[in-house]
Amino acid sequence: MALEEIFPFIYGVRILYVNAFLLAEDEAITLVDSGLANREGTFLRALSEIKHSPGELKHIVLTHHHTDHAGNLAALVEASGADVWAHPLEAPIVRGTVPLPRSNPKSIMLKMLWPLVGRLSIYGRLAPAPVDHEVADGEELPIGGGLKVVHTPGHTSGHIAVLMPRHGGVLFVGDAATNILGLRPPLGMSTLDMAQAKDSIRKLGELEFETACFGHGGVLKGKANAAFRRFVEKLAR
Ligand SMILES: [Zn+2]
Ligand SMILES: [Zn+2]
């Protein structure tokens with residue numbers, strides 16, 4: 001496990017290729033995303049490493065339902081009793097009341113790679129978990145220092161990014177974009193609607209934030225919004 005301190009009491013928790021984020025500035029700890037499946041122990045160890053007990057984890061915000069982001073949700077809710085926050089379009093998938101959508105039905109690549117990626121647990125089965133709070137675009141949540149919800153559809157229909165107003169603005173991007181060898185749109189193979197995903201990147205470019213934390217790739221620290229605006233210009237070309 002790699003636990004990275006981004007700001008005091010704000011940590012990245014990396015499992016293989018995916019990041020989740022622990023916000024521990026306040027008494028009630030918030031987790032943004034919950035990592036690859038069957039790794040709840042990683043989060044429990046991360047909590048103990050920062051001298052907190054599982055019961056102090058009070059909130060889990062999900063950017064989207066993909067199992068590399070919602071993987072340990074049921075187990076972590078069980079261990080901590082945390083409330084879950086997600087967009088209404090993701091909530092029924094997380095609860096298991098509607099089947100897991102195949103990410104990009106048009107992707108030939110996905111059809112070819114299905115036997116392999118199915119096994120990588122990116123698209124694997126998700127243990128049903130509760131969603132206690134359905135959140136809307138623009139909503140300010142009473143957790144994590146007033147996290148602001150930004151609906152960023154495209155990668156999935158109910159994908160959200162969340163903006164923390166502290167520290168000059170810290171944007172938790174989820175899979176709305178990645179930062180692997182520079183800013184990039186999300187992986188086509190696992191993205192429902194790429195045109196919509198690019199519109200969502202434009203929407204993120206209009207926000208004010210100094211730092212951006214990604215589901216995949218390193219943290220962008222300092223003038224991260226300027227980097228997003230350059231990226232938006234590049235997408236338009
Ligand atoms: Zn995803
Ligand atoms: Zn992902």
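Of the helices (runs of 4 or more DSSP H) contained entirely in the range 23-109, those carrying at least 1 residues that are loosely packed, with under 15 Cβ neighbours inside 10 Å and at pLDDT 95 or above fall at 40-49, 73-80. Please go through the range 174-195 and give me each residue that is away from ligand 1 (no atom under 11 Å from the Cβ) and in contact with a Gly (Cβ under 7 Å, 6 or more places away or on another chain), ordered by number. Within the range 174-195, N179, I180, D193, M194 qualify. Among the criteria (1) part of a loop (DSSP other than H, G, I, E, B); (2) within 28 Å of A74 (Cα to Cα); (3) at pLDDT 95 or above, the one G168 does not fulfil is (2). Applying the criterion of being touching a helix residue (DSSP H, G or I) at 6+ places or on another chain (Cβ under 7 Å) and more than 17 Å from K221 (Cα to Cα) to the residues of the range 168-191, the residue that is surrounded by the fewest Cβ atoms within 10 Å (Cβ to Cβ) is G188. Here is a list: A127, A161. Which entry is within 16 Å of ligand 1 (Cβ to nearest atom) and either surrounded by 20 or more Cβ atoms within 10 Å (Cβ to Cβ) or modelled with pLDDT under 95 (or both)? Exactly one residue qualifies, and that residue is A161. Here P165 meets the list (1) more than 20 Å from V13 (Cβ to Cβ); (2) within 15 Å of ligand 2 (Cβ to nearest atom) almost entirely, failing just condition (2). Do we find a residue being assigned to a helix (DSSP H, G or I), within 15 Å of ligand 1 (Cβ to nearest atom) and in contact with a Leu (Cβ under 8 Å, 6 or more places away or on another chain) anywhere in the range 139-158? No, there is no match, as no residue in the range 139-158 is assigned to a helix (DSSP H, G or I), within 15 Å of ligand 1 (Cβ to nearest atom) and in contact with a Leu (Cβ under 8 Å, 6 or more places away or on another chain).
The values are calculated or read from the model by the stated rules, or taken from the named source; none is laboratory data. Predicted model only: the values in this text are computed from it and were never measured. Heads up, the Cβs are rebuilt from the backbone with ideal geometry, glycines too, and the neighbour counts pull from every protein chain shown.
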